[in-house]
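Before any comments, here is the structure.
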Amino acid sequence: MPYGGGCRGCHTRAVARSGAGESVISRAIRIFEAFGPDRTALQVSEIARRADLHVATASRLIAQLASYGLLERGVDREVRIGVRMWELAARASPTLSLRDAAMPYLEDLHAVVGHSAQLGVLDGDDVLFVERLSARDAVVNYSRIAGRLPVHISSSGHVFLAYGPPELLDRVLGRPLERYTAATVTSPERLRAALADVRRCGYAMLAGHVHEDATGIAVPVRNGLGEVAATISVVVPNDGRAAAHLPVMMAAARGVTRALCAVPVAPQR
């Protein structure tokens, strides 16, 4: 938050490091990371616990962040992400053009499927969902806007693994694969076989991998360079009829791909 005319001493204090060598910025980031899709309001003591900070340190940093509108306090003294933070994040989001290109097709897909339709991107070793449309009676779905799922768990993740660089798969297979249900792929051999199926068929379909009652289907969206930039996915009942949604999903993915390819790629500098 650069403000002109600030004193040199104030700037020095802002970037000062603790005795443990940790910067104020890194501690502030841990405070923001304490919040999650299902925990959007927290008490100071809970933030301190999640951020591994002393309560007094957390309280001081929260007060400073709130003074800039990056955090805010409710009437019950719970702390929430501030409107200013949302404004800055939305303004600078690298997914804005992707979302703009995808929304007309995602809305049409949602209208046809009648359950959850979502747009995902790869962030680190997780799928980050940047948009999600649902319905009141939709089948259970653990994903949320700005929520994450591990790549080995979700249909979108299988698409990214199938078409991604080998080092991504190596990292995922280098640690235990968490199990959500009895159907979740947790062995390297089964995962490699599933990814081969994705490359052969052009989509991923995972029945009961995240929740026993739900089937996730994902298809790739490519950018102007031919890379898989995102996925369009649906979460529908695990009733053996999920494959019926594939034609409309493929059509939606082609539409988003065409829209993205029409956006000029910025030259490398």
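The values are calculated or read from the model by the stated rules, or taken from the named source; none is laboratory data. Note that the structure is a prediction, hence the values are computed from the model and not measured. With ideal geometry, Cβ positions are generated from the backbone for all residues, glycine too; neighbour counts draw on all protein chains shown.
Table: residues versus (1) part of a helix (DSSP H, G or I); (2) buried (at least 19 other Cβ atoms within 10 Å of the Cβ); (3) in contact with a Ser or Thr (Cβ under 6 Å, 6 or more places away or on another chain); (4) without any contact (Cβ under 8 Å) to a residue 40 or more places away in the chain.
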site: Gly120; (1), (2), (3), (4): no, yes, yes, no
site: Val127; (1), (2), (3), (4): no, yes, yes, no
site: Leu161; (1), (2), (3), (4): yes, yes, no, yes
site: Glu167; (1), (2), (3), (4): yes, no, no, yes
site: Asp170; (1), (2), (3), (4): yes, no, no, yes
site: Arg179; (1), (2), (3), (4): no, no, yes, yes
site: Arg190; (1), (2), (3), (4): yes, no, no, yes
site: Leu195; (1), (2), (3), (4): yes, yes, no, yes
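Kindly indicate whether any position in region 73-94 is modelled with pLDDT under 95, over 20 Å from Val130 (Cα atoms) and among the polar types (S, T, N, Q). No, every residue in region 73-94 fails to be modelled with pLDDT under 95, over 20 Å from Val130 (Cα atoms) and among the polar types (S, T, N, Q).
Restricting the first member to region 21-41 and to residues that are under 15 Å from Ile62 (Cβ atoms), and the second to residues that are modelled with pLDDT of 90 or more and among the small types (Gly, Ala, Ser), the beta-carbon pairs closer than 6 Å and six or more apart or on different chains are Arg30/Ala51; Ile31/Ala51; Ala34/Ala51. Among the conditions (1) surrounded by fewer than 17 Cβ atoms within 10 Å (Cβ to Cβ); (2) in contact with a helix residue (DSSP H, G or I) (Cβ under 6 Å, 6 or more places away or on another chain), Glu212 misses just one, which is (2).
For region 199-261, list the strands (runs of 3 or more DSSP E) that sit wholly inside it and hold at least 3 residues that are modelled with pLDDT of 95 or more and within 16 Å of Val113 (Cα to Cα); which are they? Steps first, answer last, please.
Details: elements: 204-207, 214-222, 228-237.
Passing ranges, in order: 214-222, 228-237.
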